[in-house]
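The values are calculated or read from the model by the stated rules, or taken from the named source; none is laboratory data. All of these numbers come straight from a predicted model, not from anything done at the bench. Neighbour counts are summed over all protein chains in view; Cβ atoms, including those assigned to glycine, are modelled from backbone coordinates with ideal geometry. Please note that ligands, DNA and RNA were not included when accessible areas were found on the heavy atoms of the full protein model with its side chains. Shrake-Rupley method; radii C 1.70, N 1.55, O 1.52, S 1.80 Å.
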Amino acid sequence: MIPPDDAKLTAVGLLMEVHAGLVGKMTPAFTAAGLSGVDFETLIRLARSPERQLRMSDLAAQTSLSTSGVTRVVDRLEREGLVRRVACASDRRASYATLTDAGLARLEVVVPRHLEDIETWFTGLLSPAQLETLLDTLRIIRDVVRPCATAGAEVPGEVTPPRS
C-alpha cells in the first residue's frame with residue numbers, strides 16, 4: 001500500500017512540482033533571448049566561473065548533461081558565437097569552454113528578467129531566514145546527490161560570483 005501521508009513522498013513530490021513550476025515560469029525569458037534552458041545554464045555557469053571558463057569535463061559535471069551532451073551544447077553555442085573552445089596548454093586532451101563577449105552580452109539581456117522571475121516566483125516568497133535555511137538545506141542535498149556540481153569552481157561548494 002502507498003501511504004497517503006508519507007512525509008518523504010510529500011517532500012519529493014513538492015520538490016518536483018516546484019521545479020516544474022519554476023521552469024515553466026522562467027522559460028519565456030530564455031526563449032525571448034533566443035536561448036533554451038540548457039543554453040542559459042551553460043552560459044551562466046561560464047559567466048560565474050573564474051576567467052569565464054570551465055574545462056569541458058567540469059562543465060558537464062556542473063550541468064545535467066553527459067560529456068557528449070555538453071559537447072553538443074557547446075558546439076551549438078560556439079556556432080552562435082556565444083562560447084569558444086580553448087585548448088588546455090598543460091593537457092592536450094582537455095579543452096575549455098569560454099564565454100565570449102557576445103555570450104556575456106546575451107546573458108546581460110536575459111539576466112535582469114530572470115532575476116525578476118526568481119524574485120517573483122521563488123526567493124521573494126521567502127523571508128531572508130527561510131531563504132538562508134533553504135539554501136543550506138539544498139547544499140546539503142546537492143553535495144550528496146551531485147557531488148561534482150561545483151567542479152571547477154574556485155571555492156568548494158560555491159559558484160564564483162559574477163565579476164563586476
Tell me, what is a quarter of the convex hull surface for the C-alpha atoms of the chain, in nm² with one decimal?
11.8
Cα convex hull volume per residue for segment 1-47 (Å³):
98
Compute the length gained on full extension between Ser127 and Ser57: take 0.36 nm times their separation in residues and subtract their Cα-Cα distance, giving the result in nm to one decimal.
21.5 nm
Add +1 for every Lys or Arg and -1 for every Asp or Glu among the other residues with Cβ under 12 Å from the Cβ of Leu126, and state the total.
-2
With a 1.4 Å probe and all protein chains left in place, how much of the accessible area of the chain comes from carbon and sulfur atoms, in whole percent?
61
What is the extension gain from Ala89 to Ser36, computed as 0.36 nm multiplied by their sequence separation minus the C-alpha to C-alpha distance, in nm to one decimal?
16.0 nm
For Gly24, the net charge from surrounding residues (Cβ-Cβ under 13 Å; K, R +1; D, E -1) works out to -1
According to a simple spin-label model (label point 7 Å from Cα along Cα-to-Cβ), what is the distance in nm between Arg139 and Ala20?
3.1
In Å², rounded to a whole number, the accessible area per residue of the chain with probe 1.4 Å is 63
Output the DSSP H helices from the chain with an along-axis C-alpha extent of no less than 27 Å and a mean Kyte-Doolittle hydropathy no less than 0.0.
7-32
